[in-house]
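The values are calculated or read from the model by the stated rules, or taken from the named source; none is laboratory data. Note that this is a predicted model, so its numbers are computed, not measured. As a convention, Cβ positions derive from the backbone with ideal geometry for all residues, glycine included, and neighbour counts pool all protein chains shown. For accessibility, only protein heavy atoms count, side chains too; no ligands or nucleic acids. Shrake-Rupley method; radii C 1.70, N 1.55, O 1.52, S 1.80 Å.
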Amino acid sequence: MTIDWHAVITGVGTGVTVSILYFAGLALSVRLALRLTRPIYVLLPSAALRIGLLLSAGWLVTDGGTLGWAFAGYALAFFLVRFIATLMARLPRVKEAGCN
């Protein structure tokens, strides 16, 4: 079995980019939703848009197929970015120094 490294690198590059956008959009929509009385009006369209972006990019990078080296790289990149995003979310925040 030979590995198509060009397809893997293409999948990883696209996966990292789209995944960063996905989780940045998630963070932004959650922050906005926490300020609203009806967060569903932000969270539902945001989820639909982010999921559509993620699936569309995955479809394009694999040329409409579900198996292959590009898909493996894309999926690996998503889970790597997801792991990093969850680690960053668990870090304690440093509060800004206020002048009283």
Compute the distance in nm between two label points, each set 7 Å from the Cα along the Cα-to-Cβ direction, one at T2 and one at L36.
5.2 nm
How many nm separate the modelled label positions at L53 and R93, each set 7 Å beyond the Cα in the direction of the Cβ?
2.1 nm
On the accessible surface of the chain, probed at 1.4 Å with all protein chains in place, carbon and sulfur together account for a percent value of 71 percent
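What is the packing order of peptides 68-78, 51-61, 1-11, taking the mean over residues of other C-beta atoms within 10 Å and listing the highest first?
68-78, 51-61, 1-11
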Charges on Cβ only, +1 for Lys and Arg, -1 for Asp and Glu, centred on the Cα centroid of the chain; of G58, L21, A77, which one is farthest towards the dipole's positive end?
L21
With r as the distance between the Cβ atoms of D63 and I84 and R0 = 25 Å, compute the FRET efficiency 1/(1 + (r/R0)^6) and round to 0.05.
0.35
Out of [x] 1.36; [y] 0.99; [z] 1.21, which label holds the value of Cα Rg over 2.2 N^0.38 Å that was computed here?
[x]
Which angle from 0 to 90°, rounded to the nearest 10, does the C-alpha axis of helix 40-61 make with the longest principal axis of the chain?
20 degrees
With all protein chains present and a 1.4 Å probe, how do V42, V12 order by accessible area, largest first?
V12, V42
